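The structure under discussion appears below in the form of structure tokens.
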Ligand SMILES: C[S@@+](CC[C@H](N)C(=O)[O-])C[C@H]1O[C@@H](n2cnc3c(N)ncnc32)[C@H](O)[C@@H]1O
């Protein structure tokens, strides 16, 4: 079932201007929302390589993009390996690359995937379930300092140390098994208040650690630029301040070297009406650069 609404769809299309006879890489194709729109604009011969780590999302994208036949090529892997797949499927020197970072609504909606603190599920959080590291392994085996560092850095969690200490103390009695077990411990160890659920930041930090989200982005950004033709465009949508900082800095360095021209002086954000219909769009930031 399609659960994910693509964010900033109109803005992405306006900036990438997909046309017939062009080729694209959607590095996080997800359920294929952006990809479907791009392929519709490139009738009759535009091509798109879609990559995603998540098998269930990719299966939905496969069904959704079936009408485009061989114009859509889909691969399950991390976009950190984008060059291998681009060369294998003849997608080097493409016209544009889109990267829409993070998780999709389908991940949160399915308790079995372990991303949600509101519904009971295993502490998993892997996009690619073939991977070994899970959130349970981090919570049950990492030491207090490592846990506190991750919660502080990736979750910007004020109570990072207290929560890490409480986890280490509690797990002596038995491993953490479920999302709700961890969420309850976090609630007990934070002062009340704030608009978001108390477990939001720790869960975000765990998800980003399990999936090495910042590391994969840092590795892939230079590869994306080298896969674009001169005048090709790279569009990146991020949802976290550390991701946005990496992209902003990378674009600034490449522009200084005269390799790209930044097209979005400030990041593009969602309109109020989009946020109303899709609250997830609230924190989305779109940055676009063009190769020289
Ligand atoms: C925000 S969703 C993309 C939604 C998509 N644009 C759509 O319209 O359906 C992000 C997707 O990125 C995938 N993902 C996260 N990290 C990834 C990585 N390193 N490599 C490939 N896919 C990744 C997730 O599995 C998820 O499906």
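Can you tell me which residue in segment 13-48 is surrounded by the most Cβ atoms within 10 Å (Cβ to Cβ), limited to those that are part of a helix (DSSP H, G or I) and more than 9 Å from the ligand (Cβ to nearest atom)? Let's see the steps before the verdict.
Here is the first cut: in segment 13-48, the residues part of a helix (DSSP H, G or I) are 13-16, 33-41.
Filter once more, so that each one left must be more than 9 Å from the ligand (Cβ to nearest atom): 13-16, 38-41.
Numbers: 13: 15, 14: 11, 15: 19, 16: 23, 38: 25, 39: 23, 40: 13, 41: 16.
Across segment 13-48, the extreme among qualifying residues is 38.
For the residues 55, 3, the requirement of being over 23 Å from residue 230 (Cα atoms), touching a helix residue (DSSP H, G or I) at 6+ places or on another chain (Cβ under 6 Å), more than 8 Å from the ligand (Cβ to nearest atom) and in contact (Cβ under 8 Å) with a residue 12 or more places away in the chain singles out 3.
Residue by residue through segment 219-241, note down the ones that are more than 10 Å from the ligand (Cβ to nearest atom), in a helix (DSSP H, G or I) and surrounded by 15 or more Cβ atoms within 10 Å (Cβ to Cβ). Result: 221, 223, 224, 225, 227. Scanning segment 71-109 for residues that are in contact with a helix residue (DSSP H, G or I) (Cβ under 9 Å, 6 or more places away or on another chain), part of a loop (DSSP other than H, G, I, E, B), farther than 25 Å from residue 245 by Cα and modelled with pLDDT of 95 or more returns 91, 93. Taking residue 153, is it within 16 Å of the ligand (Cβ to nearest atom), assigned to a helix (DSSP H, G or I), surrounded by fewer than 18 Cβ atoms within 10 Å (Cβ to Cβ) and not assigned by TED's automatic domain parsing to the domain that holds residue 78? Against the criterion (within 16 Å of the ligand (Cβ to nearest atom), assigned to a helix (DSSP H, G or I), surrounded by fewer than 18 Cβ atoms within 10 Å (Cβ to Cβ) and not assigned by TED's automatic domain parsing to the domain that holds residue 78), residue 153 does not qualify.
Each row is one residue, and each column tells you yes or no for (1) more than 16 Å from the ligand (Cβ to nearest atom); (2) without any contact (Cβ under 8 Å) to a residue 40 or more places away in the chain; (3) surrounded by 15 or more Cβ atoms within 10 Å (Cβ to Cβ).
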| site | (1), (2), (3) |
| --- | --- |
| 100 | no, no, yes |
| 104 | no, no, yes |
| 133 | no, no, no |
| 157 | yes, no, yes |
| 161 | yes, yes, yes |
| 169 | yes, yes, no |
| 194 | yes, yes, no |
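When segment 110-122 is filtered for residues that are crowded, with 17+ Cβ neighbours inside 10 Å, without any contact (Cβ under 8 Å) to a residue 60 or more places away in the chain and part of a loop (DSSP other than H, G, I, E, B), only 121 remains. Only one of the numbered conditions (1) touching a helix residue (DSSP H, G or I) at 6+ places or on another chain (Cβ under 8 Å); (2) within 16 Å of the ligand (Cβ to nearest atom) is not met by residue 143, and that is (2).
Within segment 201-218, can one find any residue that is more than 30 Å from residue 129 (Cα to Cα) and surrounded by 15 or more Cβ atoms within 10 Å (Cβ to Cβ)?
No: segment 201-218 contains no residue that is more than 30 Å from residue 129 (Cα to Cα) and surrounded by 15 or more Cβ atoms within 10 Å (Cβ to Cβ).
Do we have any residue at all in segment 201-216 that's at pLDDT 95 or above, part of a helix (DSSP H, G or I), in contact with a strand residue (DSSP E or B) (Cβ under 8 Å, 6 or more places away or on another chain) and closer than 17 Å to residue 97 by Cα? No, segment 201-216 has no match at all. Please go through segment 260-292 and give me each residue that is touching a residue at least 40 places away in the same chain (Cβ under 8 Å) and in a helix (DSSP H, G or I), ordered by number. Within segment 260-292, 274, 277, 280, 281, 283 qualify.
The values are calculated or read from the model by the stated rules, or taken from the named source; none is laboratory data. None of the values given here were measured: they were computed from a predicted structure. Glycine also receives a Cβ, built like all others from the backbone with ideal geometry; neighbour counts cover every protein chain displayed.
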